[in-house]
Amino acid sequence: MSEHIELPDIQDASFSDILGERYLAYALSTITSRSLPDVRDGLKPVQRRLLYAMQELRLNPESGYKKCARVVGDVIGKFHPHGDIAVYDAMVRLAQSFAVRWPLIEGHGNFGNIDGDNAAAMRYTEARLTKVATALLDGISEDAVDFRDTYDSEEVEPVVLPAGFPNLLANGASGIAVGLATSIPPHNVGELCDALQLLVKNSKSNMSDLINCIPGPDFPTGGILVEDKTAIEQAYSSGRGTFRVRAVWNIEKLPHKQYQIVVSEIPFQVQKSRLVERIALLLQEKKLALLSDVRDESSEAIRLVLEPRNRTVDPDILMELMFRHTDLESRVSLNMNVIDDVGVPRLMSLKQALTAFIDHRYRVLLRRTAYRLEQIAHRLEILKGYLVAYINLDEVIEIIRKEDAPRNKLMKRFSITEIQANAILDMRLRTLRKLEEVAIREEFTQLEKEQATLCKLTISKARQRTIISKEILEVKRQFGQGTDLGRRRTEIRQPSVPLKISSAAFVEREDITVICSYKGWIRMIKGHLDPNTAVKYKDGDRERFRLHAVTTDKLILFATNGRFYSLNCDRLPGGRGLGEPLRLMIDLPNDQELISILIHRADMQLIIASSDGRGFLVKGSDIFTDRRSGKQVLNVSNQVEATICTPVSGEYVAVVGTNRRLLIFPIQYIPILSRGRGVILQRYKEGSLSDIQVFREKEGLFWRSGSGIRREKKLESWHGKRGQSGRLVPKGFPKRNKFN
């Protein structure tokens with residue numbers, strides 16, 4: 001006879017539906033049981049289990065240390081069915097003073113450092129709880145929170161800790177779940193307590209009031225928070241935002257007017273060793289032009305030394321460059337995704353998180369009160385039995401000696417409960433003294449008073465508010481700003497205007513002399529050469545331009561085609577050789593000639609004109625260009641034979657033509673243009689424009705002659721209106737019709 005086999009219940013289902021259900025279950029498990037903290041105690045499950053297991057091992061601040069391997073073993077064996085490395089890493093982080101603002105575990109041994117070095121193996125390190133952790137656990141044995149079965153149902157664990165310390169915002173949290181992430185920076189406990197007090201007194205306090213109490217995060221590594229108050233308030237209101245944190249630095253002066261910059265605090269969660277490696281790599285790649293070297297001279301305190309390239313480097317510009325290219329400035333994100341009091345992940349604002357903590361403390365207070373009332377009721381019941389025994393002592397003794405079932409007889413004779421009867425039977429003979437009866441009556445009276453007070457507390461919101469307020473004040477007294485640990489470490493400043501770093505900032509400032517020959521060979525020589533100092537040129541070539549400048553200057557070159565060209569002085573060839581052809585640096589056509597070379601100033605003004613007598617004023621800001629092809633400013637016609645460029649340095653303009661006629665008029669009659677042909681400066685029947693000079697009336701008109709400089713101050717005969725032809729030049733004027 002064949003055996004009947006029952007087949008399992010098989011149902012048809014879509015693979016995508018089943019996969020979605022399984023993945024959703026995994027996602028929820030990751031969110032609620034691994035990655036996101038609880039808004040009430042600010043802990044993830046593994047952190048909560050660590051603290052509870054350490055309390056079970058009696059690792060209080062007053063007791064000795066125990067091996068971390070013992071703690072990790074208890075956690076993974078009783079509460080947390082995961083790998084020992086993950087549990088130990090979580091334990092190490094809770095003990096690192098540079099990772100959490102208020103460590104929950106006091107480590108003994110190597111627990112890593114800010115350089116990113118790992119902690120020693122768990123068999124070498126020891127740990128115990130800190131006072132902050134005991135504040136989180138305070139009341140857990142008084143039915144303050146719910147417990148649930150562990151994964152194997154052999155033990156129980158707390159769902160949440162009583163949390164007498166605002167751990168979520170004080171220590172912050174970070175984690176990545178499936179589709180959700182949290183990032184909460186640490187804050188100052190004294191400031192949190194002030195905000196909590198404000199909400200306890202007035203739950204309708206707005207965000208501006210809270211920001212006055214909590215101006216921003218307070219990182220364990222210090223630093224400077226450079227963020228606008230409006231941006232901080234907006235981030236706290238929405239639960240999302242970023243905070244910009246900069247390193248703290250100062251200048252140390254050295255001999256010979258040298259200096260170095262010392263960084264004493266770095267941004268939160270920046271590993272010092274990686275920061276130094278990054279700076280060294282950028283130095284090697286020549287991306288930090290103003291920095292010469294970086295040294296790590298840190299011991300217990302951070303000390304990073306930055307050496308500028310030379311003493312002329314502006315330290316503010318150097319640090320602005322460092323902030324832009326390295327982690328000396330970093331952004332810390334705010335993303336307050338947490339698990340609320342009913343186990344649902346939510347994005348909360350600062351006020352919602354603080355309110356949730358206060359609500360939790362109210363529930364803990366009521367549960368501890370109820371627990372205490374239950375204990376008092378139980379004790380009063382026993383004390384009443386004792387008093388009955390003292391009042392009827394002889395009869396009680398007789399019943400106990402003669403009756404086979406004295407408990408039942410006592411219950412029936414004196415109308416007492418089974419608990420009271422058992423308590424009477426358990427009394428020792430020495431407690432029958434008169435003094436013991438007095439002590440019991442005093443205890444009974446005190447318990448009745450305490451019971452009445454607690455009963456009033458359970459029904460009075462005002463009394464509860466007073467108790468919560470006192471608890472917050474005690475937290476502030478114990479951990480707040482009056483203590484060394486409680487002082488604010490992160491300075492808060494308004495963001496400064498970003499410095500505009502020009503290319504000149506990367507150039508060492510040094511005096512030079514720029515020399516250009518007639519054949520267009522240009523070079524620079526260090527120092528300001530005397531005009532009479534001889535300089536070598538190619539055979540058949542000679543000097544045309546010589547001007548004093550510094551390496552940070554920019555040169556403006558004007559050519560006969562009416563175009564302006566630009567060159568950086570620091571990129572000119574050195575003076576050891578004969579220089580380089582100018583046409584290799586700018587796209588100057590072969591049929592065009594260089595007219596003038598000037599040092600560019602943004603506030604300068606120039607007169608530019610063509611040989612047909614037309615011209616205009618142009619600003620220095622309108623002529624600069626980085627293009628090799630230059631910038632067309634003066635439009636020249638086919639009849640133009642030459643162009644002129646003259647700096648404005650006076651209030652009168654003198655124009656002379658090839659016909660040896662001179663015209664003088666005020667410069668205010670020449671318009672300022674950005675480009676074009678301009679207006680007529682001087683008219684010619686025969687001839688063209690030869691030269692222009694701008695001068696001051698008190699200094700007079702001057703020109704170079706064979707005997708030196710000649711100056712003419714009586715110029716009334718040549719004054720006229722712009723566009724006239726003028727009069728013949730004064731006697732002694734050069735035959736070449738040039739002022740210089």
Practice task
With the condition kept exactly as written, say whether any residue in the range 463-480 is among the hydroxyl-bearing types (Ser, Thr, Tyr), surrounded by 14 or more Cβ atoms within 10 Å (Cβ to Cβ) and within 60 Å of the chain's Cα centre (by Cα).
Solution key: yes
Practice task
Name the helices (runs of 4 or more DSSP H) wholly inside the range 26-108 in which the number of residues that are surrounded by fewer than 20 Cβ atoms within 10 Å (Cβ to Cβ) and among the hydrophobic types (A, V, I, L, M, F, W, C) is 2 or more.
Solution key: 84-95
Exercise for the section: Within the range 220-253, track down each residue that is closer than 24 Å to Glu265 by Cα, in contact with a Gly (Cβ under 9 Å, 6 or more places away or on another chain) and not small (Gly, Ala, Ser). Expected result: Leu225, Glu227, Lys229, Ile232, Phe243, Val245, Arg246, Val248
Practice task
Considering only the range 708-718, state which residues are in contact (Cβ under 8 Å) with a residue 24 or more places away in the chain and either part of a loop (DSSP other than H, G, I, E, B) or not assigned by TED's automatic domain parsing to the domain that holds Ile670 (or both).
Solution key: Leu715
Practice task
Identify, from the list Ser649, Ser705, Ser690, the residue that is outside the structural domain of Ile556 (by TED's automatic domain parsing), surrounded by fewer than 20 Cβ atoms within 10 Å (Cβ to Cβ) and closer than 30 Å to Leu582 by Cα.
Solution key: Ser649
Exercise for the section: Would you mind finding the one in Val305, Val313 that is β-branched (Val, Ile, Thr), touching a strand residue (DSSP E or B) at 6+ places or on another chain (Cβ under 9 Å) and crowded, with 16+ Cβ neighbours inside 10 Å? Expected result: Val313
Completion exercise
With criteria (1) surrounded by fewer than 17 Cβ atoms within 10 Å (Cβ to Cβ); (2) within 44 Å of the chain's Cα centre (by Cα); (3) over 27 Å from Arg331 (Cβ atoms); (4) at pLDDT 85 or above, Glu508 comes up short on (4)
Exercise for the section: Write out, first by first residue and then by second, each pair whose Cβ atoms fall under 6 Å of each other, whose residues are 6+ apart or on separate chains, and whose first residue, in the range 377-400, is in contact (Cβ under 8 Å) with a residue 60 or more places away in the chain while the second is buried (at least 18 other Cβ atoms within 10 Å of the Cβ). Expected result: Leu383/Ile440
Problem - Which numbered condition Arg583 misses (of (1) of a type in the set (Lys, Arg); (2) closer than 23 Å to Ala654 by Cα; (3) not assigned by TED's automatic domain parsing to the domain that holds Asp691) - result: (2)
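Is there a residue being closer than 21 Å to Leu254 by Cβ, assigned to a loop (DSSP other than H, G, I, E, B) and either in contact with a helix residue (DSSP H, G or I) (Cβ under 6 Å, 6 or more places away or on another chain) or at pLDDT below 95 (or both) anywhere in the range 334-348? Break it down into steps so the answer makes sense when it comes.
Taking the range 334-348 first, the residues closer than 21 Å to Leu254 by Cβ are none.
Looking for residues that are closer than 21 Å to Leu254 by Cβ, assigned to a loop (DSSP other than H, G, I, E, B) and either in contact with a helix residue (DSSP H, G or I) (Cβ under 6 Å, 6 or more places away or on another chain) or at pLDDT below 95 (or both), one finds none in the range 334-348, hence no.
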Fill in the blank from the handout: Asp426 meets each of (1) within 29 Å of Leu454 (Cβ to Cβ); (2) surrounded by 14 or more Cβ atoms within 10 Å (Cβ to Cβ) with one exception, condition (2)
Exercise for the section: State which residue pairs qualify: first residue under 11 Å from Ile670 (Cβ atoms) and inside the range 596-610, second residue assigned to a loop (DSSP other than H, G, I, E, B) and small (Gly, Ala, Ser) in any location, beta carbons under 9 Å apart, and separation of 6 or more residues or different chains. Expected result: Ile608/Gly562; Ile608/Gly678; Ala609/Gly678
Exercise for the section: State which residue is nearest to Leu161 (Cα to Cα) when the search covers only the range 356-394 and only residues that are surrounded by fewer than 17 Cβ atoms within 10 Å (Cβ to Cβ) and polar (S, T, N, Q). Expected result: Gln375
Handout entry: Any pair with Cβ under 8 angstrom, 6 or more apart, that starts in the range 68-80 at a residue that is at positive phi and ends at one that is at pLDDT 95 or above and in a helix (DSSP H, G or I)
Key = none
Exercise for the section: Could you grab me the full set of residues in the range 672-696 that are assigned to a loop (DSSP other than H, G, I, E, B), within 21 Å of Cys645 (Cα to Cα) and among the charged types (D, E, K, R)? Expected result: Arg675, Arg677, Arg683, Arg696
Exercise for the section: Inspect all residues belonging to the range 352-374 and state whether any of them is in contact with a Phe, Trp or Tyr (Cβ under 6 Å, 6 or more places away or on another chain), closer than 30 Å to Leu432 by Cβ and outside any strand (DSSP E or B). Expected result: no
Exercise for the section: From Ala534, Ala462, grab the single residue that is more than 24 Å from Ile586 (Cα to Cα), assigned by TED's automatic domain parsing to the domain that holds Pro581 and small (Gly, Ala, Ser). Expected result: Ala534
Practice task
Can you work out which of the residues in the range 250-300 that are in contact with a helix residue (DSSP H, G or I) (Cβ under 9 Å, 6 or more places away or on another chain) and of a type in the set (Asp, Glu) is farthest from Gly112 (Cα to Cα)?
Solution key: Asp293
Problem - The lone exception for Asn638 - which of (1) more than 57 Å from the chain's Cα centre (by Cα); (2) touching a residue at least 24 places away in the same chain (Cβ under 8 Å); (3) farther than 26 Å from Val514 by Cα it fails - result: (2)
Problem - Residue check, Gly520 on the phi > 0 side of the Ramachandran plot and not assigned by TED's automatic domain parsing to the domain that holds Lys287 - result: yes
Problem - Residue that is farthest from Cys516 (Cα to Cα), among those in the range 586-598 that are surrounded by 14 or more Cβ atoms within 10 Å (Cβ to Cβ) and in contact with a helix residue (DSSP H, G or I) (Cβ under 8 Å, 6 or more places away or on another chain) - result: Leu588
Exercise for the section: Considering only the range 356-375, state which residues are of a type in the set (Gly, Ala, Ser) and in the same structural domain as Thr453 (by TED's automatic domain parsing). Expected result: Ala370
Problem - First in the range 654-679 and over 14 Å from Ser690 (Cα atoms) and not assigned by TED's automatic domain parsing to the domain that holds Glu699, second anywhere and outside any helix (DSSP H, G or I) and at pLDDT 90 or above, Cβ under 7 Å, 6 or more apart - result: none
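Quick check, is Ile492 under 60 Å from the mean Cα position of the chain (by Cα), at pLDDT 90 or above and either loosely packed, with under 13 Cβ neighbours inside 10 Å or more than 30 Å from Ile224 (Cβ to Cβ) (or both)?
No; evaluated as a whole, the condition is false for this residue.
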Fill in the blank from the handout: Cβ pairs under 8 Å, 6+ apart or interchain, first in the range 719-734 and in the same structural domain as Ile667 (by TED's automatic domain parsing), second in a loop (DSSP other than H, G, I, E, B) and hydrophobic (A, V, I, L, M, F, W, C), ordered by first then second residue, are Arg722/Ile670; Arg722/Leu681; Gly723/Leu681
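The values are calculated or read from the model by the stated rules, or taken from the named source; none is laboratory data. Keep in mind it's a predicted model, so treat the numbers as computed, not measured. Heads up, the Cβs are rebuilt from the backbone with ideal geometry, glycines too, and the neighbour counts pull from every protein chain shown.
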